[in-house]
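Only one structure is covered here, and it is reproduced in the block below.
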Amino acid sequence: MKREIIKTADGSTTIHLPDWNEQYHSKHGAIQEAYHVFITHGLQYYLDTCNTLENNNSLPVNILEIGLGTGLNAYITLLEAISNNIYIDYTGIEAYPVDLKEAATLNYTSQLNTNGNEALFLKLHETSWEEKHLVHDNFAIVKKQQMFHEINSKDTHNIIYFDAFGARVQPELWTVSIFEIMYNALKTNGVLVTYAAKGSVRRAMQAVGFTVERLPGPPGKREMLRGSKL
């Protein structure tokens, strides 16, 4: 499938798939969307609210990303781990990995305040798949090349970043059966966040046990969803 690098509204780049008229990130701002959906309403919410419920702030935060893609969400999470001095175990699932040459053309390190950690973006892409790597003292990652329905984690993760391609082009990724896998992968008090807000997605999440909130969306979207496993 043809792939193009395009610039989004906040100046950051993403990968565009012309055959689908779909992007890896919002054309209204890739970095803005990533921070709004996955950091503000995912990681930061968990640290402020859910981690306190577990009464053990020393635990590492275990994050599962559904759709590793360009590595933007993993990279900004790494930067947050460093700036907040927390330890994150990160698992990124991707069926069709972005290659290193393509990743090197993305402009995230020049657009973000990296505090001297620019090299870590490509390091994320350079690490081998199917093995856990300590990329920084505050961040370890394992990248897995697999289909989403093959995930078999049970009560493992605190947060899920659900960043699959939209239901318009891949409706099979937004079904009850997929969200049941997600629910099972989360620990109690864990959360799943996604940019999506369709009613069918919300109902699929609720059907497997998630308590679902509609939240203000990132630029260009009215709403997004967050599901909690209580």
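Some values worked out for this structure:
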item	result
Links that overshoot a 23 Å alpha carbon limit, given the list Lys132/Lys154; Lys123/Lys143; Lys7/Lys221; Lys7/Lys143; Lys132/Lys187	Lys7/Lys143
Potential extension, Ala207-Arg222 segment - 0.36 nm per residue separation minus Cα distance	3.1 nm
DSSP beta bridge pairing in segment 1-122, given as percent antiparallel to the nearest 5	50 percent
Average accessible area per residue (Å²) across the chain - probe 1.4 Å, nucleic acids and ligands excluded	44 Å²
Nitroxide proxy distance, nm - points 7 Å out along Cα→Cβ at Ala95 and Gln111	2.6 nm
Helix-only [θ]222 nm of the chain, DSSP H runs n ≥ 4, -39500 (n - 2.57) each, per residue, nearest 500	-6500 deg cm²/dmol
Average Cα contact separation per residue, the chain, under 8 Å, 6 or more apart, as relative contact order %	20 percent
Cβ-based charge dipole, segment 1-113, positive-most Cα from Val98, Gly67, His41	Val98
Simple Cβ-charge dipole of the chain, Lys/Arg +1 and Asp/Glu -1, about Cα centre, in debye nearest 20	620 debye
Qualifying GluC sites (Glu not before Pro) for segment 87-149 [loop in DSSP, other Cβ within 10 Å: at most 10]	Glu130, Glu131
Rg to Rh quotient for the chain, alpha carbon positions, Kirkwood Rh	0.93
Cut-off 17 Å, label 7 Å out along Cα→Cβ of Glu150, residues of segment 157-181 by amide N	173, 178, 181
Accessible-area composition of segment 1-138, carbon plus sulfur, in percent [1.4 Å probe]	47 percent
Beta bridges by DSSP in the chain, antiparallel share as percent, to the nearest 5	50 percent
Within straight-line cross-link reach of Lys229, aspartates and glutamates at Cα separation under 19 Å, skipping those fewer than 8 residues along the same chain	Asp48, Glu54, Glu65, Asp155, Asp163, Glu180, Glu213
Segment 160-230 - percent of accessible surface contributed by carbon and sulfur, probe 1.4 Å	51 percent
For Ala95, net neighbour charge (Lys/Arg +1, Asp/Glu -1) across residues whose Cβ lies under 10 Å away	-1
Beta bridges per DSSP with both ends in segment 88-161, % antiparallel, nearest 5	40 percent
Under 15 Å, Cβ to Cβ, from Thr175 - net charge with Lys/Arg +1 and Asp/Glu -1	+1
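The values are calculated or read from the model by the stated rules, or taken from the named source; none is laboratory data. This structure is a prediction, so every number in the text was calculated from the model and none was measured. Glycine gets a Cβ as well: all are built from the backbone with ideal geometry, and neighbour counts include every protein chain shown. For accessibility, only protein heavy atoms count, side chains too; no ligands or nucleic acids. Shrake-Rupley method; radii C 1.70, N 1.55, O 1.52, S 1.80 Å.
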